[in-house]
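Chemist: Below: one structure in structure tokens.
The values are calculated or read from the model by the stated rules, or taken from the named source; none is laboratory data. On a predicted model such as this, the values are computed, not experimentally measured, just so you know. Reconstructed Cβ throughout: ideal geometry from the backbone, glycine too, with neighbour counts over all protein chains shown. Accessible surface is based on the protein model in full, side chains and every heavy atom, while ligands, DNA and RNA are left aside. Shrake-Rupley method; radii C 1.70, N 1.55, O 1.52, S 1.80 Å.
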Amino acid sequence: QVQLVESGGGLVQAGGSLNLSCAASGFDFGAFHMDWYRQAPGQQRERVAKITTGGIRIYADSVKDRFAISRDNSKKTVYLQMNSLKPEDTAIYYCSGIIASRKYWGQGTQVTVSS
């Protein structure tokens, strides 16, 4: 079955960096676009980055020039490099993909940025 497992979250000071990973299994990873979302307390879940099968990257305005999404199809993993972190980046981060017309989510990884 489809599984998405995030890792790499933690506590970091403002201005710091984290690199999130999402390991995928149960589907042909290279054939599907992948996304990173986040959800802060009391807020709606929002997409922060997308990477297509062809390597096209799309970012939310709030993270553009600070975050970088990448993928390694041989490892079936999608990454989110987060630099210059701000307290407002504090959220649970999820990777996601639409596989066979169904949207799948990982369990999420907590990112906390202290001021």
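Chemist: When Ala24 is evaluated against the numbered criteria (1) open to solvent by less than 40 Å² (accessible area, probe 1.4 Å); (2) closer than 22 Å to Val63 by Cα, which criterion, by number, is the only one it fails?
Modeler: In the conditions (1) open to solvent by less than 40 Å² (accessible area, probe 1.4 Å); (2) closer than 22 Å to Val63 by Cα, Ala24 misses (2) alone.
Chemist: Now a separate question. Can you pull out the strands (runs of 3 or more DSSP E) entirely within region 31-115 that have at least 3 residues that are in contact with an Asp or Glu (Cβ under 7 Å, 6 or more places away or on another chain), touching a residue at least 40 places away in the same chain (Cβ under 8 Å) and open to solvent by less than 70 Å² (accessible area, probe 1.4 Å)?
Modeler: 91-99, 109-114
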